[in-house]
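The values are calculated or read from the model by the stated rules, or taken from the named source; none is laboratory data. Every value quoted in this text rests on a predicted model; they were computed, and no experiment measured them. Glycine gets a Cβ as well: all are built from the backbone with ideal geometry, and neighbour counts include every protein chain shown.
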Amino acid sequence: MPRPPDRRRFRAHLASLLQASFLRQVDGEHLRLSFGPCFDAHLGLRLRHDEAERCVRRVFTADFGNWNPKLLELTYVPEASDLIEGKLGDLADALAMIAWRPRPLA
């Protein structure tokens, strides 16, 4: 009889897929973290766009940088990069729960 999948491992795998789609760029004196490719690649995030965007804003409060909701980008100073990088795993895990949540039956 096959073993049931380990849900924690599977969710960690899904979170790593999401985190790999976060786009980091240098923009002059600032760094930019774009979540656009992540939202574009995952239908669950597009369908639950408002909830996913609230999740990003909740993880990265105004103390971390400037959030641009139209571009789905966070711009921040290089001094905050350690704080930002430390929160990306938590964000990816939270977005994975949103992106792959089963759709309710109608």
Inset, instruction - Give me a count of the residues in the range 34-66 that are at pLDDT below 90 and assigned to a strand (DSSP E or B). - result: 1
Legend entry - Test result for Lys87, of a type in the set (Lys, Arg), in a loop (DSSP other than H, G, I, E, B) and within 24 Å of Val26 (Cα to Cα): no
Inset, instruction - Tell me, please, whether a residue that is surrounded by 14 or more Cβ atoms within 10 Å (Cβ to Cβ), in contact with a strand residue (DSSP E or B) (Cβ under 9 Å, 6 or more places away or on another chain) and not β-branched (Val, Ile, Thr) can be found in the range 3-20. - result: no
Legend entry - Which numbered condition Arg8 fails, given (1) assigned to a helix (DSSP H, G or I); (2) farther than 24 Å from Pro102 by Cβ: (2)
Inset, instruction - Would you please list the contacts, defined by Cβ atoms under 6 Å and residues six or more apart or on different chains, that run from a residue in the range 34-53 that is farther than 15 Å from Glu73 by Cα to a residue that is surrounded by fewer than 18 Cβ atoms within 10 Å (Cβ to Cβ) and among the aromatic types (Phe, Trp, Tyr)? - result: Gly44/Trp100
Inset, instruction - Restrict the check to the range 67-74 and report whether at least one residue is in a strand (DSSP E or B), surrounded by 18 or more Cβ atoms within 10 Å (Cβ to Cβ), out of contact with any helix residue (DSSP H, G or I) (no Cβ under 6 Å at 6 or more places or on another chain) and touching a residue at least 24 places away in the same chain (Cβ under 8 Å). - result: yes
Inset, instruction - Specify the residue that is nearest to Ser21 (Cα to Cα); the eligible residues are those in the range 75-106 that are in contact with a strand residue (DSSP E or B) (Cβ under 9 Å, 6 or more places away or on another chain) and crowded, with 17+ Cβ neighbours inside 10 Å. - result: Leu88
Legend entry - the range 55-102, residues that are among the aliphatic types (A, V, I, L, M) and in contact with a Phe, Trp or Tyr (Cβ under 8 Å, 6 or more places away or on another chain): Val56, Leu72, Leu74, Ala80, Leu83, Ile84, Leu88, Leu91, Ala92
Inset, instruction - State all residues of the range 28-48 that are over 19 Å from Gly89 (Cα atoms) and surrounded by 13 or more Cβ atoms within 10 Å (Cβ to Cβ); if no residue qualifies, say none. - result: His30, Leu47, Arg48
